[in-house]
Amino acid sequence: MKEKLIRFMQGRYGVDSLSKVVTTIGFIALIVGMFSKTNIVYWIGWVLIIYAYYRMFSKNIGKRQQENQLYLDKTYKLRCKFAAWKNRLAQGKNYHIYACPSCKQKIRIPRGKGKIEVRCPKCGTTFMKRS
(Lines give C-alpha, C1' and ligand atoms only; values in the text may rest on other atoms or scores of the structure.)
Protein backbone atom coordinates (compact mmCIF):
# COMPACT_ATOMS: atom_id res chain seq x y z
CA MET A 1 0.00 0.00 0.00
CA LYS A 2 2.78 2.43 0.93
CA GLU A 3 4.62 1.67 -2.32
CA LYS A 4 1.47 2.40 -4.34
CA LEU A 5 1.12 5.79 -2.67
CA ILE A 6 4.78 6.57 -3.30
CA ARG A 7 4.42 5.62 -6.99
CA PHE A 8 1.24 7.70 -7.27
CA MET A 9 2.91 10.81 -5.81
CA GLN A 10 6.02 10.59 -8.00
CA GLY A 11 6.12 13.56 -10.35
CA ARG A 12 3.42 15.42 -8.42
CA TYR A 13 3.89 18.70 -6.57
CA GLY A 14 2.97 17.79 -2.99
CA VAL A 15 2.32 20.02 0.01
CA ASP A 16 3.71 23.55 0.32
CA SER A 17 2.99 26.65 2.42
CA LEU A 18 0.13 27.87 0.23
CA SER A 19 -1.55 24.45 0.28
CA LYS A 20 -1.36 24.35 4.08
CA VAL A 21 -2.93 27.80 4.41
CA VAL A 22 -5.68 27.11 1.86
CA THR A 23 -6.51 23.78 3.55
CA THR A 24 -6.63 25.41 7.00
CA ILE A 25 -8.88 28.23 5.78
CA GLY A 26 -11.06 25.66 4.04
CA PHE A 27 -11.53 23.60 7.21
CA ILE A 28 -12.30 26.72 9.22
CA ALA A 29 -14.87 27.74 6.61
CA LEU A 30 -16.40 24.24 6.78
CA ILE A 31 -16.77 24.43 10.55
CA VAL A 32 -18.19 27.97 10.43
CA GLY A 33 -20.48 26.94 7.57
CA MET A 34 -21.93 24.06 9.56
CA PHE A 35 -23.13 26.48 12.24
CA SER A 36 -24.22 29.36 10.00
CA LYS A 37 -27.63 29.76 8.46
CA THR A 38 -26.32 30.14 4.91
CA ASN A 39 -24.60 27.34 3.04
CA ILE A 40 -22.31 29.62 1.02
CA VAL A 41 -19.51 29.55 3.64
CA TYR A 42 -19.76 25.75 3.81
CA TRP A 43 -19.40 25.44 0.03
CA ILE A 44 -16.56 27.93 -0.07
CA GLY A 45 -14.76 25.70 2.43
CA TRP A 46 -15.20 22.69 0.16
CA VAL A 47 -13.97 24.65 -2.87
CA LEU A 48 -10.84 25.71 -0.97
CA ILE A 49 -10.10 22.16 0.16
CA ILE A 50 -10.59 20.80 -3.36
CA TYR A 51 -8.30 23.53 -4.73
CA ALA A 52 -5.63 22.65 -2.15
CA TYR A 53 -5.75 18.97 -3.12
CA TYR A 54 -5.68 19.93 -6.81
CA ARG A 55 -2.45 21.82 -6.11
CA MET A 56 -0.98 18.89 -4.16
CA PHE A 57 -1.68 16.33 -6.90
CA SER A 58 -0.74 18.62 -9.80
CA LYS A 59 2.03 17.58 -12.18
CA ASN A 60 2.63 21.17 -13.32
CA ILE A 61 5.36 21.73 -10.74
CA GLY A 62 6.69 24.99 -12.21
CA LYS A 63 3.29 26.69 -12.09
CA ARG A 64 2.66 25.53 -8.49
CA GLN A 65 6.09 26.81 -7.42
CA GLN A 66 5.33 30.20 -8.96
CA GLU A 67 2.01 30.37 -7.08
CA ASN A 68 3.70 29.44 -3.81
CA GLN A 69 6.50 31.97 -4.36
CA LEU A 70 3.95 34.71 -5.05
CA TYR A 71 2.15 33.80 -1.80
CA LEU A 72 5.45 33.85 0.14
CA ASP A 73 6.41 37.22 -1.37
CA LYS A 74 3.05 38.80 -0.53
CA THR A 75 3.06 37.52 3.07
CA TYR A 76 6.74 38.21 3.82
CA LYS A 77 6.21 41.31 5.99
CA LEU A 78 3.40 39.67 7.96
CA ARG A 79 5.46 36.53 8.57
CA CYS A 80 8.44 38.64 9.70
CA LYS A 81 6.27 40.59 12.15
CA PHE A 82 4.84 37.34 13.54
CA ALA A 83 8.35 35.87 13.93
CA ALA A 84 9.54 39.03 15.72
CA TRP A 85 6.51 38.93 18.03
CA LYS A 86 7.16 35.25 18.78
CA ASN A 87 10.84 35.99 19.47
CA ARG A 88 9.92 38.86 21.79
CA LEU A 89 7.55 36.61 23.74
CA ALA A 90 10.28 33.99 24.11
CA GLN A 91 12.78 36.59 25.33
CA GLY A 92 10.25 38.17 27.70
CA LYS A 93 10.77 35.34 30.18
CA ASN A 94 14.41 36.23 30.80
CA TYR A 95 14.75 39.85 29.70
CA HIS A 96 13.09 43.27 29.91
CA ILE A 97 13.16 45.21 26.65
CA TYR A 98 13.31 48.97 27.04
CA ALA A 99 13.54 51.79 24.50
CA CYS A 100 16.18 54.49 24.82
CA PRO A 101 14.47 57.79 25.70
CA SER A 102 16.49 59.78 23.15
CA CYS A 103 16.95 57.55 20.08
CA LYS A 104 14.26 54.87 20.70
CA GLN A 105 16.79 52.04 20.25
CA LYS A 106 15.52 48.82 21.86
CA ILE A 107 17.77 47.58 24.66
CA ARG A 108 17.54 44.15 26.26
CA ILE A 109 18.17 44.02 30.03
CA PRO A 110 18.33 40.73 32.00
CA ARG A 111 15.63 40.28 34.63
CA GLY A 112 16.33 40.11 38.35
CA LYS A 113 19.26 42.54 38.64
CA GLY A 114 17.38 45.24 40.55
CA LYS A 115 17.56 48.91 39.62
CA ILE A 116 20.42 49.43 37.16
CA GLU A 117 21.88 52.18 35.04
CA VAL A 118 21.50 51.40 31.34
CA ARG A 119 23.76 52.89 28.69
CA CYS A 120 22.40 52.99 25.13
CA PRO A 121 24.91 51.39 22.73
CA LYS A 122 23.71 53.56 19.85
CA CYS A 123 23.71 57.11 21.26
CA GLY A 124 25.46 56.69 24.64
CA THR A 125 22.56 58.07 26.75
CA THR A 126 22.39 56.65 30.27
CA PHE A 127 19.14 56.12 32.17
CA MET A 128 17.91 54.15 35.17
CA LYS A 129 15.57 51.17 34.81
CA ARG A 130 14.39 48.33 37.03
CA SER A 131 15.31 44.90 35.76
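The values are calculated or read from the model by the stated rules, or taken from the named source; none is laboratory data. Source: prediction; values computed, not measured. Note that each Cβ is placed from the backbone with ideal geometry, even for glycine, and that neighbours are counted across all protein chains shown.
Given the condition in a helix (DSSP H, G or I), at pLDDT 90 or above, of a type in the set (D, E, K, R) and out of contact with any Lys or Arg (no Cβ under 9 Å at 6 or more places or on another chain), answer yes or no: does some residue in the range 82-89 qualify? The answer is yes, given that some residue of the range 82-89 is in a helix (DSSP H, G or I), at pLDDT 90 or above, of a type in the set (D, E, K, R) and out of contact with any Lys or Arg (no Cβ under 9 Å at 6 or more places or on another chain).
Annotation: of all residues in the range 37-56 being loosely packed, with under 12 Cβ neighbours inside 10 Å and not aliphatic (A, V, I, L, M), the one that is farthest from M9 (Cα to Cα) is K37. Listed by first and then second residue, the pairs linking a residue in the range 33-55 that is assigned by TED's automatic domain parsing to the domain that holds S19 to a residue that is in a helix (DSSP H, G or I) and exposed (fewer than 15 other Cβ atoms within 10 Å of the Cβ), with Cβ atoms under 6 Å apart and 6 or more places separating them unless they lie on different chains, are V41/V32.
Could you please find all residues in the range 30-53 being within 19 Å of T75 (Cβ to Cβ) and hydrophobic (A, V, I, L, M, F, W, C)? Hits for the range 30-53 are L48, A52.
Can you say whether I97 is out of contact with any Pro (no Cβ under 6 Å at 6 or more places or on another chain), surrounded by 15 or more Cβ atoms within 10 Å (Cβ to Cβ) and free of Cβ contacts under 8 Å to residues at least 60 places away in the same chain, as far as the supplied structure shows? Here the answer is no, as I97 does not meet what is asked. Against the criterion of being surrounded by 12 or more Cβ atoms within 10 Å (Cβ to Cβ) and modelled with pLDDT under 90, K104 does not qualify. Would you mind stating whether K104 is in the same structural domain as E117 (by TED's automatic domain parsing), within 30 Å of V118 (Cα to Cα) and either of a type in the set (K, R) or part of a helix (DSSP H, G or I) (or both)? Criteria met by K104. Based on this model, can you work out whether I50 counts as over 30 Å from S131 (Cβ atoms), modelled with pLDDT under 95, part of a helix (DSSP H, G or I) and among the β-branched types (V, I, T)? No, not satisfied.
Does any residue in the range 112-124 that is in the same structural domain as Y98 (by TED's automatic domain parsing) come within less than 6 Å, Cβ to Cβ, of a residue that is polar (S, T, N, Q) and surrounded by 12 or more Cβ atoms within 10 Å (Cβ to Cβ) six or more places away or on a different chain, and which pairs are these? From the range 112-124, the pairs are K113/S131; I116/S131; C120/Q105; K122/Q105; C123/S102.
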